[in-house]
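Below you'll find the structure, written out as structure tokens, and then a few comments.
The values are calculated or read from the model by the stated rules, or taken from the named source; none is laboratory data. A quick note: this is a predicted structure, and the numbers were derived from the prediction, not measured. FYI the Cβ positions are ideal-geometry reconstructions off the backbone, even for glycines, and counts take in every protein chain you see. Heavy atoms of the whole protein, side chains included, go into the accessibility calculation; ligands, DNA and RNA do not. Shrake-Rupley method; radii C 1.70, N 1.55, O 1.52, S 1.80 Å.
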Amino acid sequence: MLERGEVANSWRRERWDSLRLLTPNWQSRLPGFRYEGLEPDGYMTMGEVTEFIERFAKVSGVPVRTGVNVTSVRQAGGGYRLATSSGEMHAQTVVIASGACNQPAVPALRDSVPPSVGQFTSFGYRHPGQLPDGGVLVVGASATGVQLAAELRQSGRPVTLSVGEHVRLPRTYRGRDVLWWMDASGVWDQRYDELEDLTRARRLPSPQLVGTAERATLDLNALTSMGVELVGRWAAVRDGRALFSGGLRNMFSLADLKMVRLLDTFDEWARTSGRDAEVGPPERFPPTRVPESTRLQLDLQSGEIRAIVWATGFRPDYGWLDVPVVDAKGQLRHEGGVVDSPGLYALGLPVLRRRKSTFIYGIEDDAREVTDHLARYLALPG
Ligand SMILES: Cc1cc2nc3c(=O)[nH]c(=O)nc-3n(C[C@H](O)[C@H](O)[C@H](O)COP(=O)(O)OP(=O)(O)OC[C@H]3O[C@@H](n4cnc5c(N)ncnc54)[C@H](O)[C@@H]3O)c2cc1C
């Protein structure tokens, strides 16, 4: 097991200070290892996640070699030749577990932003004090965007949030964590080869969730109540002005509708599986409030916006992979983690084999099936 940094590197180096997992503690599970603390319904800080994964590395006895950067993997001698910062090595099979979120995905618009406005990504952002005083434009309203918009607003800054397609979820539903429902109802176990539109499922933004002691819901209504201004999707920059799409009403209704459909699925599952008595009564939430008037442009040169925080998602980095298995969009070509090159496998990618594949909790089932395939491959004659 080769790791260029330390164990749990991404949790140590690539996250902001206040971040907590959005998955509850009881859901932090790795093969043969689970959270055993006193707060199963709490959410881990980054220090706690790092410690949790470090402990797993020790207990599982995985032979991790830290500080080894893999700079090239290419096919050779019926397997793969790896070039690393600690020399070359050969492997009959390789499992790519290098992560789905190695880099922030920032649109080309960034190049048209006037130099007077500071630009940050969720990789570089640590805390509000890092940003220049004044207004902030947060771009993207998925888990990262809503969390950073709330934190920046609470620090006293005027915050504008540019909202594109998003997934609205309540933190708790009928008295249970919404992720308990995702798990118990089987939604998270839906398999990649049974989904109607796998490409779409793999591109789905992360849900608007935050892990807090109060188990608070952090949807757009919560942000509006905090004084965050909502604008549409950032479409272009013209003459130093950011131009936003209209149609917030439609976008909000779509997210509300999808949430209701999901809650209907949960209710149906509770009813048919005889679990109704274990949970509270069904709930429905107010629709997302549409601002009375929405600004369609913002003058980036006026001084109103002093910083932009890009919360527009992440992408993997396969710059080191010299095997032709990456498509034009930079994604690995694979079938449930079996990569399009014999003996090459992947884990930890969106909906790799199930909807829960990119969560800590989701790795176990995927890992079992991928390693089964790998073992069969190694057992093949010749
Ligand atoms: C902001 C954010 C919040 C998240 N919150 C949650 C959450 O609340 N709950 C949850 O379950 N999941 C969450 N996730 C998803 C989380 O990333 C996964 O659950 C999990 O960390 C993925 O683990 P991984 O090992 O596949 O990838 P990573 O954690 O990305 O690990 C990949 C490792 O590979 C190493 N690496 C990469 N390239 C090379 C190379 N060329 N040579 C050597 N080493 C290399 C990296 O240093 C890194 O340590 C979150 C993700 C992000 C980005």
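Filtering region 331-355 to residues that are of a type in the set (Lys, Arg) and either closer than 20 Å to LEU374 by Cα or away from the ligand (no atom under 13 Å from the Cβ) (or both) leaves ARG333, ARG353, ARG354.
Could you say whether any residue in region 323-339 is closer than 26 Å to PHE120 by Cα, in contact (Cβ under 8 Å) with a residue 40 or more places away in the chain and of a type in the set (A, V, I, L, M)? No, that holds for no residue. Here is a check on your reading of the model: is ASN9 within 18 Å of GLU214 (Cβ to Cβ), free of Cβ contacts under 8 Å to residues at least 40 places away in the same chain, within 11 Å of the ligand (Cβ to nearest atom) and open to solvent by less than 30 Å² (accessible area, probe 1.4 Å)? Considered against the rule, which asks whether it is within 18 Å of GLU214 (Cβ to Cβ), free of Cβ contacts under 8 Å to residues at least 40 places away in the same chain, within 11 Å of the ligand (Cβ to nearest atom) and open to solvent by less than 30 Å² (accessible area, probe 1.4 Å), ASN9 comes out as no.
Okay, residues lined up against (1) assigned to a strand (DSSP E or B); (2) out of contact with any strand residue (DSSP E or B) (no Cβ under 8 Å at 6 or more places or on another chain); (3) within 13 Å of the ligand (Cβ to nearest atom); (4) hydroxyl-bearing (Ser, Thr, Tyr):
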residue	(1), (2), (3), (4)
ASP317	no, no, yes, no
LYS329	no, yes, no, no
HIS373	no, no, no, no
ARG376	no, yes, no, no
PRO381	no, yes, no, no
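Listed by position, the strands (runs of 3 or more DSSP E) inside region 60-145 whose residues that are more than 29 Å from PRO31 (Cβ to Cβ), at pLDDT 95 or above and not basic (Lys, Arg) number at least 2 are 70-76, 87-91, 118-121, 135-139.
Kindly provide the set of residues from region 266-290 that are of a type outside the set (Lys, Arg) and surrounded by 14 or more Cβ atoms within 10 Å (Cβ to Cβ), ordered by number. PHE266, ASP267, TRP269, ALA270, ASP276, VAL279, PRO282, PHE285, PRO287, THR288, VAL290 - these are the residues of region 266-290 that are of a type outside the set (Lys, Arg) and surrounded by 14 or more Cβ atoms within 10 Å (Cβ to Cβ). Against the conditions (1) more than 12 Å from the ligand (Cβ to nearest atom); (2) open to solvent by less than 20 Å² (accessible area, probe 1.4 Å), MET44 satisfies every one except (1). I'd like the full set of residues that are of a type in the set (D, E, K, R), away from the ligand (no atom under 12 Å from the Cβ) and part of a loop (DSSP other than H, G, I, E, B), limited to region 12-38. Across region 12-38, the qualifying residues are ASP17, GLU36.
Could you please let me know if VAL290 is among the aliphatic types (A, V, I, L, M) and assigned to a loop (DSSP other than H, G, I, E, B)? In short, yes. None of THR45, THR66 is within 22 Å of ALA143 (Cα to Cα) and touching a strand residue (DSSP E or B) at 6+ places or on another chain (Cβ under 6 Å) except THR45. Of all the listed residues (GLY227, GLY232, GLY247), the sole one being surrounded by fewer than 17 Cβ atoms within 10 Å (Cβ to Cβ), under 21 Å from GLU292 (Cβ atoms), among the small types (Gly, Ala, Ser) and in contact with a helix residue (DSSP H, G or I) (Cβ under 8 Å, 6 or more places away or on another chain) is GLY227. Which one is nearest to the ligand (Cβ to nearest atom), of the residues in region 53-79 that are in contact with an Asp or Glu (Cβ under 8 Å, 6 or more places away or on another chain) and of a type in the set (D, E, K, R)? Once the filter is applied, the top-ranked residue is ARG65.
So is GLY319 within 27 Å of the chain's Cα centre (by Cα) and small (Gly, Ala, Ser) or not? Criteria met by GLY319. The residue pairs whose first member lies in region 31-60 and is within 22 Å of ARG368 (Cβ to Cβ) and in contact (Cβ under 8 Å) with a residue 12 or more places away in the chain, whose second member is among the aliphatic types (A, V, I, L, M) and surrounded by fewer than 17 Cβ atoms within 10 Å (Cβ to Cβ), and whose beta carbons are closer than 7 Å, counting only pairs six or more residues apart or on different chains, are PHE33/VAL59; ALA57/VAL64.
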